[in-house]
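Values in this text are rule-based calculations from the coordinates and carry no lab data. Just so it is clear, the model here is predicted, and its values are computed rather than measured. Positions of Cβ are generated from backbone atoms using ideal geometry, with glycine treated the same way; all protein chains shown enter the neighbour counts.
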Amino acid sequence: MKKLFKNKWFIALLVILVLTAFAVLSLVPGSPVKKLLQPVQLVTSPAQSIVKSAGDTLSDFWSAITDGIAIREENKALKEQIADLRYHLTQNEEAALRYEELKDALHIKDMFSNYDIYGASILSRESDEWFSTIRLNVGSSDGIVLEEGNSYPVLDVQMNLVGRVIETSDTESRVLPLFHEGFAVAGKVNAVNGATFMVVGDAELKRQKLCLAKDIDRDVVLEPGMQIVTSGDGGLFPEGIPIGVIETVDYSNPLEVTATIRPYSQIGKLEDVFIMIPYVEEEPEASQNAAPAGN
Amino acid sequence: MSLVHANTKARIRKIVVYAVYIILLSSLQVSFPDKLGFAGQTADLMFVFVILSGYFNGFWDGAVVGFVAGLVRDVFSPPAIVGLDGEVRVTAFIGALSLFAAGIAGSAFFTKRMHRNVPFSIVAVLFVTTCYKVLGFLLILGWSSLTDAKGGLYSPLTALIYSLLPQLLLNAIAAIPLILLLRFLGPVSFRGGSHRDEIVEKQGEGSWLEI
C-alpha cells in the first residue's frame, strides 16, 4: 500500500478524482467548496490588479504616441463642440427646471427609479471560450448581496445590457455575459405592443458576438435593424433596457422562427459597468403610522 | 533518493520563478484577452505554460504548476455552467482539474524518447490542446444531454474550424516566447551548450515533495 502511495501516477489519479468531486460539489447551491479558493483570491487579486494597471498604462502610453496627430485634430473639433454645447446648455437649463416641475405634477416615473445603481470596474474577463465569466471589483461588502435564485442586471455606461450578476463574494462579483450560452432574458421589439420573445446566448453565435432570439411567434414580423429591449417579463430585469438590434431573421422553419441580435454593448472593450439592484420603497402606511407619534 | 541532496536555494528560486510566471501570464490572459485573440479564441498562455513546464521540467513541475495555475484560473475566470436544476452556476476547481491534467500530459508526451527537445515541445502543445478541446467538447455534449441545455452545443465541424484550429494556431504561436522564457530565464537553465535537465537530474522529479 505504501508503495502505491509513492507512485506518481496513483497520486495523480487521486488528485484528479478529488478535484472532480470538488468541481461537482461546487454546483450545489451554497456549497462551501468555493471558500477553499479564497486564500488564492487574496493573494492573486492584488497581483493581477498591478499587472492590469501596468498593462493599461503601457497601452495608454502607446496610444498617446500613435494617436497623437488624431488626438490633436479631435481636440480642435471637441473645442468647437464644447462652445456649441455651452450655448445649448444654457438654453436647456431652463427646460430642465420646467421638466422637474412637470414631472412631479404629471407623476412621470423614471424608467429605473426603483433601482439603485452601483458602479464597478471589470477586473478580469474570459480566459478561453469555456472559462468565460467576468469578474467585478464590488461584492457583498459594497452592498451587492445576492440571494440564491436572484440576479441583477449589469449595464454599460450607455445603459445597454451587458449581462447579469450570478455570484458575489465579499469583495468581488461574477457576471454572466450576454453571449454566454447560459444567459437568457425576455426581450421585445422596442415599440408600442412590440413582439416579445426570449434572447439567449448561443455557443455558435458567441464567436460572432451575436445573441439568439427564440420563441418567436410565427405571425410576428421581424426585420433586420429593429431595436430590441428587455420586456420586463420574469421580473429579474426591468422593462426597457436596450439589448441590441436584429441582424438576421430565419423564417425557414415556421415552428421555430429565430433571429440573431447584435448587442449594443461591446463587452470586450468595457472597463466600467453598472449593477442595477432593485429596492423596495417603504410602505406609505408605515410612514403614516409613524407620523402621529412624532406629533 | 536524490531529494536529500537537493539545493534549497535552487528550489526557492524555482518556486519564485514559477510564481512570477503564473501570476504574470494568468493576469495578462484575463486582463487583455482581446489583444491575444483571433477568430473568437484567445491564446491560452496559462495552458501552454503548464504543458511546457511538464514537458521540459518533468512530472512534478507539470502537476504542481498545473494545479496552482488552475486554481488561479478558477479565481480569475471560472466557468459558469447550467446545473441539473436549470440554474446557471459558477463552478470551482474545473480550472485546477484541467490544468493539472494538462501538466501531467505535457510531462508524459514522449519526453524521454525525444529528450525534451525544443521543436517537439510545440508538438506536445498541439497534442495536449487537441485533447483538451476534444474532451471539453465531449463533456459539454454529455452535460448538455443531461441538463437539456442546447445553447452550449455546436456542430463538430464548427468545433473543428472555429474552435480547435484557431486555438491550435494561437497556442503554437504563444508557445514560442514561453519556450524561450522557460529555456533561458529559468527555472531550469540550459545555457552554456548543456542540453541536460539539471534540476531534474540533480534533485529528481520529486523535488516538490520535499518542500
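Quick notes on this one:
- Principal axis box of the range B:8-205, alpha-carbon based, largest edge first, Å: 56, 31, 30
- A simple spin-label model places the labels of A:Glu223 and A:Asp67 3.6 nm from each other, with each point 7 Å out along Cα-to-Cβ.
- Taking only alpha carbon atoms, the range A:115-279 gives an Rg to Rh ratio of 0.97, where Rh is the Kirkwood radius.
- Amide H partners (placed H, <5 Å) of A:Ser124, local residues excluded: A:Arg135
- Derived scalar couplings between HN and Hα for the range B:41-58 equal 10, 10, 4, 8, 4, 4, 4, 5, 4, 5, 4, 5, 4, x, 5, 7, 10, x Hz in order, rounded to whole Hz, by the Karplus curve 6.51 cos²θ - 1.76 cosθ + 1.60 (θ = phi - 60°), x for Gly and Pro.
- Summed side-chain charge close to A:Gly232 - residues other than A:Gly232 whose Cβ falls under 11 Å, Lys, Arg +1, Asp, Glu -1: -1
- Taken over the protein assembly as shown, the convex hull of the Cα atoms encloses 226 Å³ per residue.
- Put simply, the convex hull of the Cα atoms in the range A:24-159 casts, on average, a shadow of 14.1 nm².
- Checking the Cα-Cα distances for A:Lys34/A:Lys214; A:Lys269/B:Lys35; A:Lys52/A:Lys76; A:Lys52/B:Lys133; A:Lys206/A:Lys269 against a 22 Å cut-off, the pairs over it are A:Lys34/A:Lys214; A:Lys52/A:Lys76; A:Lys52/B:Lys133.
- 12 Å beta-carbon shell around B:Asn171, net charge (K/R +1, D/E -1): -1
- Inter-site label distance for A:Leu255 and A:Asn92 at 7 Å from Cα along Cβ, in nm: 5.2
- Extending 7 Å from Cα along the Cβ direction at A:Ala191 and again at B:Ile161 yields two label points whose distance is 3.4 nm.
- Once the C-beta distance of A:Thr248 and A:Leu4 is scaled by a Förster radius of 56 Å, the resulting FRET efficiency is 0.45 to the nearest 0.05.
- Cα centroid of the range A:174-189 to Cα centroid of the range A:28-71, whole Å: 24
- Relative contact order of the range B:8-205, defined on C-alpha pairs under 8 angstrom at six or more residues apart (%): 27
- Normalised Debye scattering of the range B:42-98 at q = 0.17, 0.24 Å⁻¹ gives log10 I(q)/I(0) of -0.57, -0.88, counting only Cα atoms as equal scatterers and leaving out solvent.
- Hydrodynamic radius of the range B:7-92 per Kirkwood, over alpha carbon pairs, in Å: 14.4
- Comparing Cα centroids, the range B:31-61 and the range B:130-173 end up 17 angstrom apart.
- Neighbours of B:Gly136 by Cβ distance under 11 Å: Lys/Arg scored +1, Asp/Glu scored -1, total -1.
- Across chain A, the relative contact order, built from alpha-carbon pairs under 8 Å that are at least six residues apart, equals 15 percent.
- With the convex hull drawn over the C-alpha atoms of chain A, the volume per residue is 271 Å³.
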